[in-house]
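What follows is one structure encoded as structure tokens, with my remarks underneath.
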Amino acid sequence: MSDSPAIRVEGLTHSYGERVALDSVDFAVKRQGIFGFLGPNGGGKTTLFSILSTLLPIQRGCVSALGFDVGRQSREYRQQIGVAFQSPSLDRRLTVLENLVHQGELYGLTGQRLRDVADTLLQRFDLTDRATDIVDTLSGGLKRRVELAKCLMHRPALLLLDEPSTGLDPGARHDLWTHLERLRADEGVTVVLTTHLMEEAERCDELALLDLGRIVAQGSPLELRSTVPGECLTIVAERPEELGPRITAELQVDVQRIGESLRIQQANGEQLFEGLLQRYGDEIRSLSLGRPTLEDVFMLRTGRRFAEDLSA
């Protein structure tokens, strides 16, 4: 296996008129891993996904993937990737098998080879007994499995997934990730996905946090969480704009205002927890203490709560 990255992006910038959706983005994706782009709505994930899947042209910067210059060799590159969009692209009036067969034919598969590949994927995704079912009769989780099988008919080296868990219940989401991890381990497929779900991001081998078109942090979930010092206290108060400065002045701790909440990263979190309750209990509506999360990383790097919608 080559040591070169599956994807390398340098200086990628994309604008819609005067609005900059991606601003000088740089990153590399290792082969045979699961790489996630985590960010709120409006952070730039959709634009980046559209460029990686060749739906949008490269305005400025360099994108190479699987040994191809994506801007100049988009035709060859498309032959090596599988893409699953947030909205299903299945033909709802055809059966599961018919969807797979038609996809295979688009990539030049015919005869016995086409049937063998379709049968293998039906077995891999536990869809054999659903092969003759009309897609429109399937649950959301089953449709997602058919979508994955369809993407893999031509044996791509790179799988691009846009918000793959959208609309799935927890059980179907777990099954989806079981299949993705199997693809990485058994088939050597590189998986790149976008997500706004923290629990999904935690299952990635590596993450890039996107905010306002920029990558504000990158690394494994463990590496990213380790950048947040100590423990995290979250305070919800009647007047956070008044309480925050008082805590800073009186207790000599750094307090970050995030929306209507106050956030404190502190090594002696439990001791500070007790002190806050004793001193400011009448002004605090709720107080929580926990270990750093990916959302804490995002807030530390951006000064905003992850849930804020940036509308891109």
Neighbours by Cβ (under 7 Å, 6+ apart or cross-chain): first from segment 1-21, without any contact (Cβ under 8 Å) to a residue 60 or more places away in the chain and at negative phi; second of a type in the set (Phe, Trp, Tyr) and assigned to a strand (DSSP E or B): VAL9/PHE27
Number of positions in segment 215-245 that are under 33 Å from the mean Cα position of the chain (by Cα) and either of a type in the set (Asp, Glu) or in a strand (DSSP E or B) (or both): 13
Listing of strands (runs of 3 or more DSSP E) fully contained in segment 1-95 that carry 2 or more residues being hydroxyl-bearing (Ser, Thr, Tyr) and assigned by TED's automatic domain parsing to the domain that holds ARG144: 7-16
Pairs, first under 14 Å from SER220 (Cα atoms) in segment 176-204, second surrounded by 16 or more Cβ atoms within 10 Å (Cβ to Cβ) and basic (Lys, Arg), C-beta under 8 Å, six or more apart: GLU200/ARG173
Qualifying residues in segment 112-164 (those that are more than 23 Å from the chain's Cα centre (by Cα) and among the β-branched types (Val, Ile, Thr)) - the one surrounded by the fewest Cβ atoms within 10 Å (Cβ to Cβ): THR132
Test set (1) in contact with a helix residue (DSSP H, G or I) (Cβ under 6 Å, 6 or more places away or on another chain); (2) at pLDDT 95 or above; (3) not basic (Lys, Arg) - ILE215 fails condition number: (1)
The one condition in (1) closer than 25 Å to LEU197 by Cβ; (2) loosely packed, with under 15 Cβ neighbours inside 10 Å; (3) modelled with pLDDT of 90 or more that GLY259 fails to fulfil: (3)
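The values are calculated or read from the model by the stated rules, or taken from the named source; none is laboratory data. Because the structure is a prediction, the values reported are computed rather than measured. Heads up, the Cβs are rebuilt from the backbone with ideal geometry, glycines too, and the neighbour counts pull from every protein chain shown.
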